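Novice: Here it is, the structure in full.
The values are calculated or read from the model by the stated rules, or taken from the named source; none is laboratory data. Note that the structure is a prediction, hence the values are computed from the model and not measured. Heads up, the Cβs are rebuilt from the backbone with ideal geometry, glycines too, and the neighbour counts pull from every protein chain shown. Side chains are part of the model used for accessible areas, which takes the heavy atoms of the whole protein and leaves out ligands, DNA and RNA. Shrake-Rupley method; radii C 1.70, N 1.55, O 1.52, S 1.80 Å.
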Amino acid sequence: DFKILKILSADARITTAEIGNKLGIIPNTIKYHVTKLTKLGIIQGYRLFMDLDKIGYEWYKSLISLRDISESKQRQILTFCKSFPEMLYFVQSFGSWDVEIEVNVKNNADFRRIWTELRNKFSENILDYDTLLIYKEHKLNYFPFDVEQIIDENIRKV
């Protein structure tokens with residue numbers, strides 16, 4: 001299972017036949033293990049990483065500080081942000097910024113249109129903000145474990 005997870009974490013599009021070839025196991029056995037890991041909730045999903053430049057989009061992130069606002073007002077801001085199909089993430093956080101929003105848009109003009117609407121609607125609630133253009137996303141390894149070490153540790157427990 002650990003070896004399958006390690007392979008899937010590097011390439012979730014790999015076929016069961018390819019995993020089987022790498023591990024010397026028949027594809028049906030790989031399929032059984034992947035299904036079991038999914039039912040157990042160990043595999044919870046697969047992520048898509050797109051190169052936005054190749055499809056002509058830009059990725060913007062705004063870090064927003066809010067004035068002391070009610071939970072109801074925060075929900076209004078979230079609902080407003082959800083009305084934009086370009087909205088990718090809305091994150092409430094602690095620290096310097098209260099909210100982070102991320103959008104995928106065709107160009108800077110589209111981003112400014114969304115940001116202007118947000119600022120106009122909630123100007124009394126927005127204390128400060130910074131905006132970033134994200135030009136590259138690095139792939140994360142969601143299974144950063146040493147498979148051999150995990151297997152060795154589990155064998156020692158038996």
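Novice: What's the number of the only condition in (1) farther than 30 Å from I14 by Cα; (2) without any contact (Cβ under 8 Å) to a residue 24 or more places away in the chain; (3) more than 16 Å from the chain's Cα centre (by Cα) that V91 fails to meet?
Specialist: It fails just one condition, (3).
Novice: Hey, another quick one. I need a count of the residues in the stretch 83-118 that are touching a helix residue (DSSP H, G or I) at 6+ places or on another chain (Cβ under 9 Å) and either charged (D, E, K, R) or open to solvent by 80 Å² or more (accessible area, probe 1.4 Å) (or both).
Specialist: 4
Novice: So, restricting to helices (runs of 4 or more DSSP H) that lie completely within the stretch 1-118, which ones have at least 3 residues that are in contact with a Pro (Cβ under 9 Å, 6 or more places away or on another chain) and more than 19 Å from K136 (Cα to Cα)? Explain how you work it out, then say what you get.
Specialist: Details: elements: 2-10, 16-23, 27-39, 71-82.
By residue number, 16-23.
Novice: Something else: Look at G24 and say whether it is open to solvent by less than 80 Å² (accessible area, probe 1.4 Å), modelled with pLDDT under 95 and at positive phi. Talk me through it step by step, then tell me what you get.
Specialist: Values: open to solvent by less than 80 Å² (accessible area, probe 1.4 Å): yes; modelled with pLDDT under 95: no; at positive phi: yes.
It is false that G24 is open to solvent by less than 80 Å² (accessible area, probe 1.4 Å), modelled with pLDDT under 95 and at positive phi.
Residue-wise test of (1) farther than 30 Å from A17 by Cβ; (2) without any contact (Cβ under 8 Å) to a residue 60 or more places away in the chain; (3) open to solvent by less than 40 Å² (accessible area, probe 1.4 Å).
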residue: V34; (1), (2), (3): no, yes, yes
residue: F49; (1), (2), (3): no, no, no
residue: K54; (1), (2), (3): no, yes, no
residue: W59; (1), (2), (3): yes, no, yes
residue: S65; (1), (2), (3): yes, no, yes
residue: D68; (1), (2), (3): yes, yes, no
residue: S72; (1), (2), (3): yes, yes, no
residue: C81; (1), (2), (3): yes, yes, yes
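Novice: Give just the number: which of (1) touching a residue at least 12 places away in the same chain (Cβ under 8 Å); (2) open to solvent by less than 90 Å² (accessible area, probe 1.4 Å) does L133 not satisfy?
Specialist: (2)
Novice: With respect to K136, is the statement that it is among the charged types (D, E, K, R) and more than 30 Å from L8 (Cα to Cα) true?
Specialist: Details: among the charged types (D, E, K, R): yes; more than 30 Å from L8 (Cα to Cα): no.
Against the criterion (among the charged types (D, E, K, R) and more than 30 Å from L8 (Cα to Cα)), K136 does not qualify.
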